[in-house]
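A short worksheet on the structure shown next.
The values are calculated or read from the model by the stated rules, or taken from the named source; none is laboratory data. Model, not experiment: these values are computed from the prediction. Glycine gets a Cβ as well: all are built from the backbone with ideal geometry, and neighbour counts include every protein chain shown. Side chains included, ligands, DNA and RNA excluded: accessible areas come from the protein's heavy atoms. Shrake-Rupley method; radii C 1.70, N 1.55, O 1.52, S 1.80 Å.
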Amino acid sequence: MIFGVRKRSQTLRMAPRAMKSSITLCFLALCFLLPGASVFAQEVQSPGLRAGAATSNITPEIGGLIVGGFSPFPSTHIHDELHARCLVLENEGRKVAIVVCDLLGAARQLFDEAARLVEKECGISREALLMSCTHTHSASSALSDNRYDTVSTGLTDYQRFVARRIADGVRRAVNLLRPAEIGFASASVPGQVFNRRWFMKEGTVPPNPFGGIDKVKMNPGYSANLVKPAGPTDPEVSLLAVREKGGGPWISVLANYSLHYVGDVGPGEVSADYFGVFCTRLGSLLGAERQDPPFVALLSNGTSGDVNNNDYSRPASPRGPKYSKIQAVAEEVAQAAAQALTGLTFTTEAVLDARLKEGRVKQRRPTPEQVAWAEQTLAQPVALGKGSASILPRAYAERFLKLKNAQPEITIPVQALRIGPAAITGIPCETFAETGLDLKARSPFRPTWTHSIAGGYFGYLPTPEQHRLGGYETWMGTSRLEEQASVKITDALLEMLSQMSATP
Ligand SMILES: [Zn+2]
């Protein structure tokens, strides 16, 4: 079986009503005997949806390596703080927690450690804790050096710090649980998402680092040789709105948009990119920026593995000052979200459910010819001053040799949460837009959306059709999972969604 259901606990069972009312009676009896316990009794008496949200600062120290590009370099400035943004929902004694971290990606071991702390301190199981990364490229590494293997070499100091801060954020959100109501909305922002993989005129795709010619080129730049993008985009901004029961103050908004990142940050600067600006801006558009407890917005990265903010169908406009593009994208997405949230219908009823599967997938392995190419490439002297023409072959040669020695098959976590009529899926990869659109179309839940880079980081996830076209995202080392991985992951998620939809 490729995708086996992990046996230890896949389904969170809701306490039967009879059991719940007898527990309530016991609490009431206890409260009658114990002075000072009446608030707790009141909470047990009035169940229904509750929600709490909080943020934890996860900014790395200056000097840590910024990891967005091929050659990491030390940070010299913090432009804006990085956060783990946490939302906890509770209904009928069952909790689900959603965490979005301002990181490029995070090793599975980091999220496993955070989950261990959250389970121990908050009683929220791994299945019900969906943690993901925004994919900001101006962050320090929370990935593992041995990212091609799952054997733990222990956590770095920064990974341990982030795990601790995630657990603290969830705990603070639990501390802030209060009667709540939720609503769902959707906006469309098509003007900030562009498929970055392009078909080009015959004979004009430049050679890849291995000396071959792909059928498509990633980030080709504006050129008369471009034919058409190689895939779709998903312009939807999906929104879960949470406020205090009875039309009270905002608690949180979880948004999801399928844009890789923006990236016009200053040199050596740590920044949460447009994800952070969006969260602050949405708070002010909703008039919620000076609340106590604070309003918490989260912006998760959808399925943007092949989608960025560069429109190559027309010549690039002159670059503005640093962060101006980040501000402009955040403003447009926040305005669209705020607009979609007006006149929303809220409900205090929402079935909460969660599933986690450990999927077994093969890792790609270099052929003997590819190993020979890698060894030859690394044996040559480093050519200085030739930019990526020199960096890329060496970088991929190193990745090839790591994959040669990596485990042939690994286990990756895939997750699904149900929140009333909606579902959120979690995939630990840079997922392509078409996979997200496919899940939205085939899910029994409306709305459905996906958090990419969730629960770990296992590289790009092109579909089998995109693998056949080649290009950066499909190169072995950028993509490390077998070519059928997106199909297997989608099937596993749809099976989990179908199981959860059986509950009314
Ligand atoms: Zn990426």
*Read through the list (1) under 23 Å from ALA106 (Cβ atoms); (2) within 22 Å of the chain's Cα centre (by Cα); (3) of a type in the set (Lys, Arg), then give the number of the only condition that LYS402 fails.*
(2)
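Residue-by-condition table, conditions (1) at pLDDT below 95; (2) open to solvent by 10 Å² or more (accessible area, probe 1.4 Å):
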| site | (1), (2) |
| --- | --- |
| CYS101 | no, no |
| ASP112 | no, yes |
| ARG126 | no, yes |
| LEU129 | no, no |
| THR156 | yes, yes |
| ARG178 | no, yes |
*Which members of segment 235-252 meet the condition of being open to solvent by 10 Å² or more (accessible area, probe 1.4 Å), touching a strand residue (DSSP E or B) at 6+ places or on another chain (Cβ under 7 Å) and either within 16 Å of the ligand (Cβ to nearest atom) or farther than 21 Å from ILE453 by Cβ (or both)?*
ARG243, GLU244, LYS245, PRO249, TRP250
*Looking at this structure, is PHE275 within 16 Å of the ligand (Cβ to nearest atom), assigned by TED's automatic domain parsing to the domain that holds VAL189 and either at pLDDT 95 or above or closer than 19 Å to GLU430 by Cβ (or both)?*
yes
*Which residue out of GLU495, GLU465, GLU482, GLU430 is at pLDDT 95 or above, in the same structural domain as LEU143 (by TED's automatic domain parsing) and either at positive phi or within 15 Å of the ligand (Cβ to nearest atom) (or both)?*
GLU430
*asked:* For segment 387-504, give me every one of the helices (runs of 4 or more DSSP H) that falls completely inside it and has 3 or more residues that are open to solvent by less than 10 Å² (accessible area, probe 1.4 Å).
replied: 388-404, 433-442, 485-501
*Which of (1) more than 30 Å from THR474 (Cβ to Cβ); (2) surrounded by fewer than 23 Cβ atoms within 10 Å (Cβ to Cβ) is the odd one out, the single condition ASP264 does not satisfy?*
(1)
*asked:* Can you tell me how many residues within segment 58-94 are of a type in the set (Ser, Thr, Tyr) and under 19 Å from ALA114 (Cβ atoms)?
replied: 1
*Candidate set from segment 299-325 (those that are touching a Ser or Thr at 6+ places or on another chain (Cβ under 7 Å) and more than 20 Å from VAL270 (Cα to Cα)); member that is surrounded by the most Cβ atoms within 10 Å (Cβ to Cβ)*: GLY305
*State whether the residues of segment 300-316 include one that is aromatic (Phe, Trp, Tyr) and touching an Asp or Glu at 6+ places or on another chain (Cβ under 8 Å).*
no
_Cβ-Cβ under 8 Å pairs, at least 6 apart or on other chains, segment 303-328 side farther than 20 Å from VAL227 by Cα and assigned to a loop (DSSP other than H, G, I, E, B), far side open to solvent by 20 Å² or more (accessible area, probe 1.4 Å) and of a type in the set (Val, Ile, Thr)_ = LYS322/VAL265; TYR323/VAL265
*If you scan segment 364-383, which residues turn out to be at pLDDT 95 or above and in contact with a Pro (Cβ under 6 Å, 6 or more places away or on another chain)?*
none
*Go through segment 267-286 residue by residue and tally those that are in a loop (DSSP other than H, G, I, E, B) and crowded, with 21+ Cβ neighbours inside 10 Å.*
3
*Would you check which residues across segment 253-272 are more than 14 Å from the ligand (Cβ to nearest atom) and either in contact with a helix residue (DSSP H, G or I) (Cβ under 7 Å, 6 or more places away or on another chain) or more than 25 Å from ALA422 (Cα to Cα) (or both) and list them?*
VAL253, ALA255, TYR257, ASP264, VAL265, GLY266, PRO267, GLY268, GLU269, VAL270, SER271, ALA272
